[in-house]
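Down below is the structure, laid out as structure tokens.
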Amino acid sequence: MRVLRLRRTLGTLLALGVLGGSASCTAAHGDDARPGDDPPAALAPFERLLPAPLSVRAEGPGYSFGPGTVIRTGRGADEEVRRVGELLAEQLRGPSGLPLPVVDGVQGDGIRLGIDEEAEGLGEEGYRLESGPGGITLTARTPAGLFRAGQTLRQLVPAAGPGTVPGGTVTDRPRFAYRGAMVDIARHFFSVEQVKRYVDQLAQYKVNTLHLHLTDDQGWRLAVDSWPRLAEYGGGSEVGGGPGGHWTKDEYRELVAYAGERYVDVVPEIDMPGHVNAALASYAELNCDGKAPERYTGTKVGFSSLCIGKERTYEFIDEVLGELAALTPGRYLHIGGDEAHVTPAADYAAFMDRAQAVVGRYGKTVMGWHQLAAARPAQGAVLQYWGHDKTSAADRAAVVAAAKAGHRLVLSPADRLYLDMKYEAATKPGLAWAGYVPVRRAYSWNPGAYLAGVPESAVLGVEAPLWTENVATRADWELMAFPRVLGLAELGWSPAGALDWASYSRRLAAQEPRLDAQGIGFYRAPDVPWAQ
Ligand code: TNX
């Protein structure tokens, strides 16, 4: 029975083109795996991988992962590879209880991490994982690739204690370069600790970008030396009137470094010219009438605007973006640009021209919400599409035209990837303006063919935003993000041919012990065949 099930699933994956051919994988095709017809625990380790890899060849005897296992990092002099090895050891020690010492040099058995700059077909983040009785070899062109390989290995070792890692080869690389998650710490404030926890949760599924929505009407969450009241006063409340808070520059640096060690880039967002009430409340001089409004603790959007005709506005954005650029090693600065409902269109375009020029002057690339498409996006600017099935043809057309003009898109369709949308009517946190988004709906679409007229080559990637008007605690955050954000991870990483709900839902169910062990309070979606 067990063998049969394995053969049937391998057959399905082969039919999907997910697995490379091999003598041991000659099962008949065409036999659909259906959720619920076998417990997910019956999936063999290679079949459980999430996101699904580009190719797997299960072959030969496996590796005995046990008390004698050491982690070997190549090129003794390369500190970065050593650091990747140390982090992997730390991640494997917890569930296995093994000592897993890290030693220099790849000669000998154990888990070997080595760079091969000439390795073909792996790109910047890809890797090869080869497992057999003599050890497990992870090979990549970059340390980032080795880190991703290690996350795959974490899913192949036993859930707890020592045991066998199956024999075979995984060859893998991502479909999209940008695989992101966003969190809004403006509507409700969250600590660096909580965001680090999310980085760990995401990085294990190969998400590589963390977009931080740092400012909005309800709060300014990052200290800016040249405008100290932004954080001190503008950060001092949140939706519902709680105390809010802000991060110091050191805290932000610490988060960026922590994410960087997991090969997650931080994209900070300062939203403008709308969504700025916290800034206007902090500095009267930023207002056209010279009067500061009250701080805002409600949830309306689109009522605030920077004063487009005032030079002080441009000194402000120059100083804020200058400090942010200096703190941020990644290439993007996100300048928002959404829902500027009280800024006339001509003013909006004029303002965005200047704001984009500032970003360029600080050596960064502009990211903006897709409304920027209707103005004049700067060369190279990346547009983040948050439309949905009911988005007007005109809004869509502007985005398609921008893509045709060479702008790359990050897709965050609100009715698929907005993690603040309720799963169903009974979901307590969250909103429903884009409809309910069950787990299956979040997963079942193809980013490469989503917008008619936009070729896959214009899609830089995908991102799942978590807005927090109605998400106030870690428990609510994790309930809304998990398990949907795993779908985002697979959409971003796995080849188009691997996207299949029947396969995915079983692999997702098989993540249950891992999510439980990490204390993630995920939503037990009824459309997923959980074991319990
Ligand atoms: C729209 S999407 C917004 C946010 C809200 C969100 C709530 C976008 C760029 N703007 O200001 O928080 O909906 O779902």
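The values are calculated or read from the model by the stated rules, or taken from the named source; none is laboratory data. The model shown is predicted, which means the values in this text are computed figures rather than measured ones. All Cβ positions, even for glycine, are placed from backbone atoms using ideal geometry, and neighbour counts span all protein chains on display.
Here are the numbers:
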quantity	calculated
Selected residue (criterion: surrounded by the most Cβ atoms within 10 Å (Cβ to Cβ)) from residues of segment 369-379 that are more than 16 Å from G302 (Cβ to Cβ) and touching an Asp or Glu at 6+ places or on another chain (Cβ under 9 Å)	A373
Residue in segment 170-181 that is farther than 26 Å from N446 by Cβ, at pLDDT 95 or above, charged (D, E, K, R) and in a loop (DSSP other than H, G, I, E, B) present	no
Verdict on L202 being in contact (Cβ under 8 Å) with a residue 60 or more places away in the chain and within 30 Å of G461 (Cα to Cα)	yes
Condition check for D516: over 20 Å from the mean Cα position of the chain (by Cα) and of a type in the set (D, E)	yes
W493 vs. criteria within 22 Å of G126 (Cβ to Cβ), at pLDDT 95 or above and aromatic (F, W, Y)	yes
The lone exception for Y263 - which of (1) in a loop (DSSP other than H, G, I, E, B); (2) touching an Asp or Glu at 6+ places or on another chain (Cβ under 7 Å) it fails	(2)
Complete set of residues in segment 212-227 that are under 21 Å from R312 (Cα atoms), in a loop (DSSP other than H, G, I, E, B) and within 16 Å of the ligand (Cβ to nearest atom)	D217
Matching residues, segment 249-280, being within 16 Å of the ligand (Cβ to nearest atom) and charged (D, E, K, R)	E269, D271
Selected residue [loosely packed, with under 15 Cβ neighbours inside 10 Å and either outside the structural domain of P143 (by TED's automatic domain parsing) or at pLDDT 95 or above (or both)] from P40, P53, P67	P67
Residue check, P529 in contact with a helix residue (DSSP H, G or I) (Cβ under 7 Å, 6 or more places away or on another chain) and either closer than 18 Å to E424 by Cβ or not in a loop (DSSP other than H, G, I, E, B) (or both)	yes
Top-ranked residue in segment 118-133 [being among the small types (G, A, S) and buried (at least 21 other Cβ atoms within 10 Å of the Cβ); ranked as farthest from G62 (Cα to Cα)]	G126
Residue that is nearest to E251 (Cα to Cα), among those in segment 180-214 that are in contact with a Ser or Thr (Cβ under 9 Å, 6 or more places away or on another chain) and of a type in the set (D, E, K, R)	D184
Only listed residue being without any contact (Cβ under 8 Å) to a residue 60 or more places away in the chain and in contact with a helix residue (DSSP H, G or I) (Cβ under 6 Å, 6 or more places away or on another chain), chosen from L129, L156	L129
Residue match in segment 215-223 (condition: touching a Ser or Thr at 6+ places or on another chain (Cβ under 7 Å), within 14 Å of L327 (Cβ to Cβ) and modelled with pLDDT of 95 or more)	yes
Output for segment 393-421, where each listed residue is in a loop (DSSP other than H, G, I, E, B) and within 15 Å of the ligand (Cβ to nearest atom)	S412, P413, Y418, L419, D420
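Residue-wise test of (1) buried (at least 22 other Cβ atoms within 10 Å of the Cβ); (2) more than 16 Å from the ligand (Cβ to nearest atom); (3) outside the structural domain of E261 (by TED's automatic domain parsing).
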site: G135; (1), (2), (3): no, yes, yes
site: T142; (1), (2), (3): no, yes, yes
site: G145; (1), (2), (3): yes, yes, yes
site: Q155; (1), (2), (3): no, yes, yes
site: A159; (1), (2), (3): no, yes, yes
site: G168; (1), (2), (3): yes, yes, yes
site: D184; (1), (2), (3): yes, no, no
site: V192; (1), (2), (3): no, yes, no
site: Y198; (1), (2), (3): yes, yes, no
